[in-house]
Amino acid sequence: MKTIHKLFALSVVAVSLTACSEFLDKEPLSQGTEAIFFKTPEHFDQAANALYQVEGWKNYDGKATYYKMDQNLDISGIGNNGGGSAPESNWQWNKPYEYIRNCNILLKKADEYTGNKDDIAQAVGTAYFFRAWQHFYLLQKFGGVPVVDHVVDVADGLLYSKRNSRYEVAHFIFSDLRKAIPLLKEEKSIGSGDKGKVSREAAKSFLARCLLYEATWEKYVPTISYDLDGDGVAVGAGAAKPESYPSVTDMLTESKQMSKEVIEEAERGTYSLWNECDTLSYYYLFNIDDGNGNMANPWNKGKSTNKEFIFSIKYDYNLKRGGINLGHVVTTWQSTNISAYFGEMFLCRNGLPIRISRTGNMDDAKYNEQFGGYDTFVGEYRNRDYRFVGCTYLPDRSRWTCRAEYGDPLIQAGKPYPDPVFPKPSDKFDTTDPAHSNKSVIYTPLIGLNGTHNGYGCRKYLIEGAGRPSETESPDYPLIRLAEVHLIYAEATCELGNGTISDEDLNFSVNKNRARARVAPLTNALIANVWDAGWFDHASGRTICKKMTMLDEIRRERTCELFGEGFREDDLKRWGIAHINLRGQKLGRRILGTAYETNTVNQMEFFGTPCYDPEGRPLLYGMFSEDPNDPDYGRPVATLAGNLLYTQRDYLMPVPLDQIRLNPELKQNPGW
């Protein structure tokens, strides 16, 4: 392979994973040759600093990672997908191998080092960790890939070898992480000047993630009626399994144990969910950007208060800026989004869905007693999960933003929202009303021309402070959060229990996340004999009545907690439902029988017309159902089934064609 053919010296890069200014100022080795490197523990530390090459606000190609905010998926709204062809080249294949080479150089030199090996343990553990990280990156995208476990030169037979199977790759990843764990320092032992370096808990958390991913892939993907492994001779990477390869049960058991150990360490005070901003803590967790005097949130809580991020890319306004136009993209709805399907997935604060049945019969289904209904624009937001309420755009409130052209910036503590300004009631548009020139003006929502009404919008990651002009936004980028570890523990436990989990295990894990969201604890009694009568069935494209199960609820929790963080498509794949959820007709938010029919527009364009005006502003794809007895009554068609072409082959990306030409032993993934 071209990428592996190259002889890569240690990269001359700025440290990308740092916590405080001391670590930010530390550089990897910048000049010289391997012959003079690695003579002292300091050399190994500098070399390890160069290994922190992971995707954050920019990807491996140097471009903004907005697409990693779960764009164009079931939870964000889908326009079209699938139907592509294999690319000529792909940096997602090339770049990880560059970084793997640097890991292997360090490990090779560590074997040759004649000094005290304890002095270089952290550096060696770091190399094992990132070698596993890069191989997992490749595994998730391509399945089986060549495993590179040593420094490759131009005469190495590995350059012309076959792909390793996904099972061999997974086994290698697990092995590297098990080696890394005892070598890395515990978080509490990492000095203040080195905060941000990978810790033992980060390695345990990542191992738990990898084990859960592969265990559930191997449990559910075989049910999709499509062979993604291939025979490894004519197509695919094959299905060879190394000796002592763990069973699904073994992987789930180890995943549970690893996550348990991290949670126990959190309970000793090393980590904690960030709860510094009352009911808006979840929202503000992702936009803490207090450097250089910027006000990160109305409580003025900065990065030093965040003990939730177990592993993250650290950014700093003065030393390492994010370098992307985050404020503009989020404010203009171009980042992540909350689709109609996803918005209705969020529970009421009593822990139950917005519409439920106690019999399983849709005919006697009723709205949750806490659900505010559709008679007003704000009703459906009341008494709901604060991960939804905090991150969406509420129809009766404005929002702060660092981009002055779109609103006012946050400059005053104690005010989570700007004071709302409403236009004066009038029979005609009043050009003299000062509300119309106020950035915090609140207009009645409307359905636009050719609309689909498929989104609630999402302001997750929105920087609010005044001191962040374009491309200077610098919040830290989460890679592993304590909340995710809670979810890993719960899912692994439930899978091991064949769909069951005790209340004690729920309290140990996901109920901590729910508490921050102000949602009642998940218990076995809570969902016993309860049906979700608002469950959207992607296979039929309709809302059905589905009995609530623990596994479904844990998956719901994972979706509501980790949305916009790049997990969703991989989750759908490993659960064996990506080709179902990402296909078929999708529906938008309810319009008929709502405030959209009883209110009129009060902004200049369309003033005085109904907020839903089917004659003047028809829907793009029309209304799905006008039958009041239909569970999907009043919902528009948001996406046509014919626009969604995602199939089982899309569970894996194609191997780049240039790599196959360089090494014909690399066989293309099935279906490509």
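The values are calculated or read from the model by the stated rules, or taken from the named source; none is laboratory data. Note that the structure is predicted; figures quoted are calculated from it, not measured. As a convention, Cβ positions derive from the backbone with ideal geometry for all residues, glycine included, and neighbour counts pool all protein chains shown. Only protein heavy atoms, including side chains, enter the accessible area calculation; ligands, DNA and RNA are left aside. Shrake-Rupley method; radii C 1.70, N 1.55, O 1.52, S 1.80 Å.
Any chance region 350-362 includes a residue that's in contact with a Ser or Thr (Cβ under 7 Å, 6 or more places away or on another chain) and in contact (Cβ under 8 Å) with a residue 40 or more places away in the chain?
No: zero hits.
If only one of D153, D227 is in a loop (DSSP other than H, G, I, E, B), modelled with pLDDT of 95 or more, more than 23 Å from I263 (Cβ to Cβ) and among the charged types (D, E, K, R), which one is it?
Values: D153 fails: modelled with pLDDT of 95 or more.
Among D153, D227, only D227 is in a loop (DSSP other than H, G, I, E, B), modelled with pLDDT of 95 or more, more than 23 Å from I263 (Cβ to Cβ) and among the charged types (D, E, K, R).
Going by what's in this entry, would P628 be described as surrounded by fewer than 18 Cβ atoms within 10 Å (Cβ to Cβ), under 30 Å from D552 (Cα atoms) and modelled with pLDDT of 95 or more? Walk me through it before giving the result.
On the way: surrounded by fewer than 18 Cβ atoms within 10 Å (Cβ to Cβ): yes; under 30 Å from D552 (Cα atoms): yes; modelled with pLDDT of 95 or more: yes.
Judged against the criteria, P628 is a match.
Looking at region 495-513 only, could you name the residues that are part of a loop (DSSP other than H, G, I, E, B) and either crowded, with 24+ Cβ neighbours inside 10 Å or charged (D, E, K, R) (or both)?
The answer is I501, S509.
I'm trying to understand the selection: among the residues of region 382-421, which are touching a strand residue (DSSP E or B) at 6+ places or on another chain (Cβ under 7 Å) and in a loop (DSSP other than H, G, I, E, B)?
Answer for region 382-421, where residues must be touching a strand residue (DSSP E or B) at 6+ places or on another chain (Cβ under 7 Å) and in a loop (DSSP other than H, G, I, E, B): N383, W400, C402, P409.
Residue by residue through region 389-404, note down the ones that are of a type in the set (A, V, I, L, M, F, W, C), touching a helix residue (DSSP H, G or I) at 6+ places or on another chain (Cβ under 6 Å) and more than 18 Å from S281 (Cβ to Cβ).
Within region 389-404, just C402 meets the criteria.
So E464 fits all but one of (1) out of contact with any Leu (no Cβ under 7 Å at 6 or more places or on another chain); (2) surrounded by 18 or more Cβ atoms within 10 Å (Cβ to Cβ); what number is the exception?
Going through the list (1) out of contact with any Leu (no Cβ under 7 Å at 6 or more places or on another chain); (2) surrounded by 18 or more Cβ atoms within 10 Å (Cβ to Cβ), E464 breaks only (1).
Okay, residues lined up against (1) open to solvent by less than 20 Å² (accessible area, probe 1.4 Å); (2) closer than 24 Å to D658 by Cα:
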residue: N80; (1), (2): no, no
residue: G84; (1), (2): no, yes
residue: N94; (1), (2): no, yes
residue: E98; (1), (2): no, yes
residue: C103; (1), (2): yes, no
residue: L106; (1), (2): yes, no
residue: D111; (1), (2): no, no
residue: G115; (1), (2): no, no
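Can you pull out the residues in region 311-328 that are open to solvent by 10 Å² or more (accessible area, probe 1.4 Å), in contact with a Phe, Trp or Tyr (Cβ under 9 Å, 6 or more places away or on another chain) and not in a loop (DSSP other than H, G, I, E, B)?
Within region 311-328, just H328 meets the criteria.
In region 245-274, what count of residues is obtained for those that are closer than 25 Å to K314 by Cβ, over 20 Å from the mean Cα position of the chain (by Cα) and either among the polar types (S, T, N, Q) or modelled with pLDDT under 95 (or both)?
The total comes to 1.
What number goes with the only condition from (1) under 30 Å from G588 (Cβ atoms); (2) in contact with a strand residue (DSSP E or B) (Cβ under 9 Å, 6 or more places away or on another chain) that Y66 does not pass?
For Y66, the failing item is (2).
Among the listed residues D503, D476, identify the single one that is over 19 Å from the mean Cα position of the chain (by Cα) and of a type in the set (D, E).
Exactly one residue qualifies, and that residue is D503.
For every residue, the table says whether it meets (1) among the aliphatic types (A, V, I, L, M); (2) closer than 30 Å to R268 by Cβ; (3) assigned to a loop (DSSP other than H, G, I, E, B).
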| site | (1), (2), (3) |
| --- | --- |
| A490 | yes, yes, no |
| T493 | no, yes, no |
| A515 | yes, yes, no |
| F536 | no, no, no |
| D552 | no, no, no |
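How about region 539-568: which of its residues are over 24 Å from F508 (Cα atoms) and surrounded by fewer than 20 Cβ atoms within 10 Å (Cβ to Cβ)?
Listed by number, the residues that qualify are A539, S540, G541, R542, I544, K546, K547, G566.
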